[in-house]
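Shown below is the structure under consideration.
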Amino acid sequence: MRTFRAGLASQAGHDLTIEASRWSGDLTVSDDGQLADLDVRVDMGALIVRDGSGGLKPLTDRDKREIAVSARKVLAADRNPEARFAAARVGPAEPGNGMISGSFTLAGVTRPLQLRVSQTEPGKYRATTSVKQTDYGIKPYSGFLGALKVRDAVDVEIEIEIDLAAAAEAPS
């Protein structure tokens, strides 16, 4: 995930790269080797700040840990420990790319979401989307009396390696 800073004091903050370190997924592949279904669950208590760009000073390891704790509070991870994406429709968007439409549940709120998928090399895929926090009842983080904020839209990028041919041959 990538968050971006906003507000009058935005130069003091950092644009962040946050990783979901614990997640699981179920993938169903049709007989012809095409993606048929996808169900992914993300442990919201396992968010790790990997990088921060911008800001007045570099992020320390302590800063990263404190930001991860704040992110879990903003996301109410204690009450809603899991985010979930359940595919409803998988289809091509254009040659070499696909679109997976489904429902995404975050902070106990479920809304439609589309993932744009591209194959980056054989067996490797990248899916991207953007999630507006306020659509899920989340008030984006703000500090310094609102002068430093996290932009409402969070970019999500997923990179995964899948051998669809082997998955299609696996017993059910």
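Being among the acidic types (Asp, Glu) and in a strand (DSSP E or B) is the filter; apply it to segment 40-73 and report the residue that is farthest from Thr17 (Cα to Cα).
Asp43
Out of (1) farther than 30 Å from Tyr141 by Cβ; (2) outside any strand (DSSP E or B), what's the single condition that is false for Ala76?
Unmet condition: (1).
Specify which of the listed residues (Thr105, Thr60) is more than 16 Å from Thr128 (Cα to Cα) and more than 20 Å from the chain's Cα centre (by Cα).
Within the list Thr105, Thr60, the selection yields Thr60.
Moving on. Only residues that are modelled with pLDDT under 90 and in a strand (DSSP E or B): list them for segment 1-14, please.
Hits for segment 1-14 are Arg5, Ala6.
Considering Leu113, Leu56, Leu35, Leu106, which residue is surrounded by 16 or more Cβ atoms within 10 Å (Cβ to Cβ), under 30 Å from Gln11 (Cα atoms) and not aromatic (Phe, Trp, Tyr)?
Leu106
The values are calculated or read from the model by the stated rules, or taken from the named source; none is laboratory data. The shown structure was predicted, so the numbers you read here are calculated from the model rather than taken from an experiment. Reconstructed Cβ throughout: ideal geometry from the backbone, glycine too, with neighbour counts over all protein chains shown.
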